[in-house]
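Read-outs: derived from the displayed coordinates by stated rules, not from any lab. The structure presented is a predicted model; accordingly, all values stated were derived computationally and were not measured. Backbone-built Cβ (ideal geometry, glycine too); neighbour counts: all protein chains shown.
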Amino acid sequence: MTQASPLDLSIQSLTATGSSIDLLASSSSDLSQANTMALACLADTVVTLTDEAQLDNFMTAYAEGTAHKIPLFVLSGGSNVLLPAELNAIVLQPKMRGIDIIDQTDDYVDIEVMAGENWHDLVVHTVNQGWYGLENLALIPGLTGAAPVQNIGAYGVQLEDCLQYVRAYHLPTQTWHHLSASDCAFGYRDSIFKRTPNTWLISRVGFRLHTDPNNILASYGDVQTIAQRYADQQGRKLPTPHDVMQAIIDIRQQKLPDPKQLPNCGSFFQNPIIAQEQFMALQAIYPTIVGYPMPDAMTKVAAGWLIEQAGLKGGGVAPIVTHQQQALVLTNHTPYQATQEDVAIAQHYIANTVYEKFAIQLSREPVWINADGSTGSTEHVV
Ligand code: EPU
């Protein structure tokens, strides 16, 4: 047997005492403030990573040491997870920072962003630099490294529209990989990272952003009108990407709660996709139902509309209730006390009520984390 390295000992002793592992940086093992839903959660061990070499070092020690039987769990900004009250795992938190220009022409700029950069700050920074493409994704909570996991999307833009590649560490084989956008296999709120949880740790994301201030996407809802108002105020004929970003910030601030003030994890339910035939039958009964045509004779239905029409705007099971301005968002009214179980109870109540009225099954969007760090308990799938 080889002699235990100091790193190995620290993993053993720290996991034994249940405190944070102070590998090269440390953080608290109480994760109730590290998830935007503010669910009570105590983890075995938390490892904060501020550069890639730390991950290599940690994984070497982990693989050689006795701690390797403890599962690993990657936690980014905590904005799309439902954490358990006790998380018996070693939590890896990628917090590497940095934004680098890789290439620049008159038409575009390629940047590489480290996983720990705050997403919204990145959006504002790029738009202020005159690098465009991310403006429609303003004010989405979380860190850049988590953005590819669910291919974040809003106001007609999805992350995959600007993403060029992801650099990620494959935990099972302890190897670094360069994944192209097609390797990431993006779908609606989906990617290879989401489909194979706890397998990849994303460290960098590469984007190609454009420099044409006339190239904007403002067709969604009120975006055009509000962006035009900003343009008028500045004496510009047409809205710029900066105006679009301002409009989207306004819209989101108006209808989506700020997790710092009212904990939530964004859209709680996905917009369900049903057969066009079923949609038309529902439309005959409920003429105001909101749906968007999809390929293959399917229709995407606005889950927020379904929940509101089921009488659940502001409803749920306390302390977890839907938001007054946007029924698709579940909010936690007892931060740091409510647990995952409270969320499951409210989720079932809402989904069952909607099903009874419309015969449409709602699926949860945030990821359910089990006590061992594995994901997606079938018991709790709606
Ligand atoms: N609606 C209602 N009642 C509600 C909420 C919505 O009737 O309480 C209706 C609206 O009137 C509208 C339709 O439903 O006609 C769609 O609503 P909205 O435009 O607000 O968009 P969404 O489908 O609810 C999706 C994303 C959001 C994203 C917006 C804007 C999903 C699951 N959610 O919401 O993403 O910001 O579009 O693009 O696709 C997030 O993931 O955190 C998130 C907020």
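One table, with the values for the structure above:
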| item | result |
| --- | --- |
| Among ASP110, ASP56, ASP296, residue whose mean-square fluctuation peaks in a GNM of the chain (springs only between Cα atoms under 10 Å) | ASP296 |
| Length added when fully stretched, GLU64-ASN215, from 0.36 nm per residue minus Cα-Cα | 49.1 nm |
| Cα-Cα P(r), region 226-287, percent of pairs per 10 Å interval | 18, 24, 23, 29, 6 |
| Translational D in µm²/s for region 264-368 (Stokes-Einstein at 4 °C, 1.567 mPa s, Kirkwood Rh from C-alpha pairs) | 92 |
| Region 309-365: projected area of the alpha-carbon convex hull, averaged over directions, in nm² | 3.7 |
| Convex hull volume of the chain per residue (C-alpha atoms, cubic angstrom) | 146 |
| Within region 184-281, trypsin sites (Lys or Arg not before Pro) in DSSP loop having at most 13 other beta-carbon neighbours inside 10 Å | LYS237, LYS260 |
| The chain, dipole about Cα centre (Lys/Arg Cβ +1, Asp/Glu Cβ -1), debye to the nearest 20 | 760 |
| Stretch gain in nm, segment GLN253-THR225, where the contour uses 0.36 nm per residue and the Cα spacing is subtracted | 8.4 nm |
| Residue-span extension gain [VAL317 to HIS125] - 0.36 nm each, minus C-alpha spacing | 65.2 nm |
| Spin-label zone in region 84-102 - amide nitrogen under 14 Å from a point set 7 Å from the Cα of HIS178 along the C-beta vector | 102 |
| Cα-based shape type of region 333-379, given that a ≥ b ≥ c are square roots of the gyration tensor eigenvalues and the cut on a/c is 1.5 | oblate |
| Efficiency of FRET between ALA85 and ASN57 - r from beta-carbon atoms, R0 22 angstrom, step 0.05 | 0.10 |
| Cα centroid separation - region 294-323 against region 118-156, whole Å | 25 |
| Cα centre as origin, Lys/Arg/Asp/Glu Cβ charges: region 99-255 dipole, Debye | 500 |
| Label zone at GLN261 (point 7 Å along Cα-to-Cβ), backbone N below 11 Å, region 323-346 | none |
| Calculated log₁₀ intensity ratio I(q)/I(0) where the Debye formula runs over C-alpha points of region 99-255, q = 0.10 Å⁻¹ | -0.36 |
| Distance between modelled label sites at ASN352 and VAL367, nm, 7 Å Cα→Cβ extension | 2.9 |
| Exceeding the 26 Å Cα-Cα cut-off - candidates LYS313/LYS357; LYS260/LYS313; LYS194/LYS357 | LYS194/LYS357 |
